[in-house]
Amino acid sequence: MSDAPRDRDAGTPGDAPPPDLADSLKQVGEAGRAAFGSAKDTGRALRTLFSADLALARSAFGRALAWAGVAIVFGASAWLLVTGALIALMQRLGLSWLQSLSLAAVLSLSMTALAAWQVSRHFDFMGLHATRRQLTRMGLFDEPSPDADDEDEGTP
């Protein structure tokens, strides 16, 4: 049984002659130009989206910063009121003014010290230490070692 008669009856491409090489190259060129134009349009759309997203983020950052300032002002005034009420309560319980103010100051200073310690801890995390180590291993970023600084200082 031959497959040739069945293929011709089904209308397969075997009925039509193959296109010329020039026509094929023309079709490939047109498809390439269409793909390039589509990629260019996609790039433009992404650039527009990115710039709009940055503008939105910039605006949101400014507003968030303004509201953070409002929160700091009202938080500080609330802390002052709470401290005043705490001092008044300690006065009512029989402590002197000096003792009441000293306890409130110790509480505030201890919270300040805790916050400063946390800030320094988090700033240390921003040092990109692991990235620097990897770049140094790759030879792209040479940091002076602590031993080299000691040797330089010891030499007159």
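General remarks:
- Test: residue in the stretch 114-130 that is in a helix (DSSP H, G or I), surrounded by 11 or more Cβ atoms within 10 Å (Cβ to Cβ) and not small (Gly, Ala, Ser): no
- Output for the stretch 92-112, where each listed residue is farther than 18 Å from residue 80 by Cα and surrounded by 10 or more Cβ atoms within 10 Å (Cβ to Cβ): 95, 96
Quick note: the coordinates plus some simple rules give every number you see, no bench work behind them. Predicted model, so just to flag it, every value in this text is computed and none were measured. Positions of Cβ are generated from backbone atoms using ideal geometry, with glycine treated the same way; all protein chains shown enter the neighbour counts.
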